[in-house]
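Notes follow once the structure below has been shown.
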Amino acid sequence: MSAAEIIRDIKARKFKPVYLLHGEEPYYIDQIIHYMEQHVLSEMERGFNQTILYGKDTDMATIMNAAKRYPMMSDFQLVVVKEAQDLKWAKEIEGSSKEAEFVLNYFEKPMPSTILVLGFKYANFDKRKKIFKVINKSGLVFQSDLVRDYKLAEWIENLVNEKGYKIAPQASALMAEYLGSDLSKISNEVEKLILNISKDITIDTDLVQKNIGISKEYNVFELQKALAVKNVLKCNQIITYFGDNPKANPLVMVMANLNAYFSKILKYHYLQNKGDAAKELGVNPYFIKDFETAARNYSLNKTFETISLMREYDLKSKGVDSTGNTSDGELLKELLFKILH
């Protein structure tokens with residue numbers, strides 16, 4: 001089930017006695033837990049029947065004692081264990097001790113009046129463990145996977161559409177490039193973005209730049225466009241701006257974006273059928289012409305050389321093989337000079 005389907009069932013009062021929410025992407029885990037906290041119980045019921053625990057501050061015995069209680073003046077009680085990845089429970093549930101047997105017995109036959117939620121974030125739960133198999137049988141297991149970089153623009157577009165708004169492909173791509181892969185951050189920026197605009201308006205790059213604080217002319221997105229056509233003057237203007245505003249344009253983010261960009265150019269060179277470029281590169285068809293132009297200006301060998309240069313300068317930015325106290329801005333200028341010449 002997807003996060004949206006789980007929330008839909010909760011809204012319809014279709015509960016499971018145990019939820020194991022795990023995975024590398026915390027956004028959906030937090031989203032489901034937040035919805036449960038706000039909607040499973042009424043405001044009056046929460047005082048007696050809603051228990052919030054944190055993995056680093058609790059143990060399985062405490063969780064089991066809370067789960068085995070009966071609700072007061074309510075059909076259900078909600079027990080949420082946040083940051084469950086911090087629980088020191090591996091030995092307690094995988095051995096042959098009485099404690100392990102006690103815990104596993106509960107998950108085999110959980111209290112029907114208790115909704116126990118385990119939020120296990122930043123990693124996938126070990127599916128080989130007994131408790132995983134037991135919960136998968138008696139409750140619900142949801143795996144929250146990371147959204148890959150090449151799917152971020154599409155994710156943003158879907159999020160905006162879900163809220164009843166429209167966004168141009170280049171605008172969602174700009175947000176993906178600038179904001180990175182933190183879905184919570186992206187979601188917050190989308191909320192701010194739609195706060196003062198009509199649903200009849202299509203969100204464009206101007207609105208994104210104005211409301212998210214991205215420089216209209218000097219951002220990674222514009223740098224990629226300037227590199228594609230080998231506009232030396234524009235590239236120098238942008239990286240000078242980056243050097244003067246390092247907090248808004250950290251070198252690590254710029255390097256990551258450029259590496260992803262030239263990796264797609266490299267992949268474009270190897271495509272047998274250029275008609276499938278949008279699908280193969282994971283980009284909106286709107287941007288394929290940019291990659292066609294870039295591939296003409298950067299031969300296969302030059303693209304390899306560029307990716308190698310970026311690895312070299314990434315190490316230099318981390319102090320490896322670096323000479324003196326070269327600033328991030330100076331390193332970026334050196335890198336761009338070598339890429340363009």
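The values are calculated or read from the model by the stated rules, or taken from the named source; none is laboratory data. All of these numbers come straight from a predicted model, not from anything done at the bench. Ligands, DNA and RNA are excluded from the accessible area calculation, which covers all protein heavy atoms including side chains. Shrake-Rupley method; radii C 1.70, N 1.55, O 1.52, S 1.80 Å.
Numbers at a glance
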read-out	value
Carbon + sulfur, % of accessible area of the chain - ligands and nucleic acids excluded, 1.4 Å	49
Estimated vicinal HN-Hα couplings, Hz - region 273-283 in sequence order (Karplus 6.51, -1.76, 1.60; Gly, Pro = x)	10, 5, x, 9, 4, 4, 5, 5, 8, x, 10
Structure-based [θ]222 nm, the chain - -39500 (n - 2.57) summed over DSSP H runs of at least 4, per residue, nearest 500	-17000 deg cm²/dmol
J(HN,Hα) series, region 237-247, from Karplus relation 6.51 cos²θ - 1.76 cosθ + 1.60, nearest Hz, glycine and proline x	5, 5, 6, 5, 4, 4, x, 7, 10, x, 5
Nearest 10 degrees, 0 to 90: helix 300-317 Cα axis against the chain principal axis	60
Amide H within-cut-off set for Val141, under 5 Å, with H built and near neighbours excluded	Leu20
Diffusion coefficient, µm² s⁻¹, Stokes-Einstein with Kirkwood Rh over alpha-carbon pairs of the chain at 20 °C and 1.002 mPa s	92
Anchor Lys199: aspartates and glutamates whose Cα lies under 15 Å away (excluding residues fewer than 8 positions away in-chain)	Glu157, Glu162, Glu191
Residues with amide H under 5 Å from that of Phe125, placed H, sequence gap 5 or more	Gly23
The chain - accessible surface per residue (Å², probe 1.4 Å)	53
HN-Hα J in Hz across region 149-162 - Karplus 6.51, -1.76, 1.60, θ = phi - 60°, x for Gly and Pro	3, 6, 9, 5, 4, 5, 4, 5, 4, 5, 4, 5, 5, 4
Relative contact order computed over region 183-341 (Cα-Cα under 8 Å; 6+ residues apart), in percent	25
Amide H within-cut-off set for Gln50, under 5 Å, with H built and near neighbours excluded	Leu78
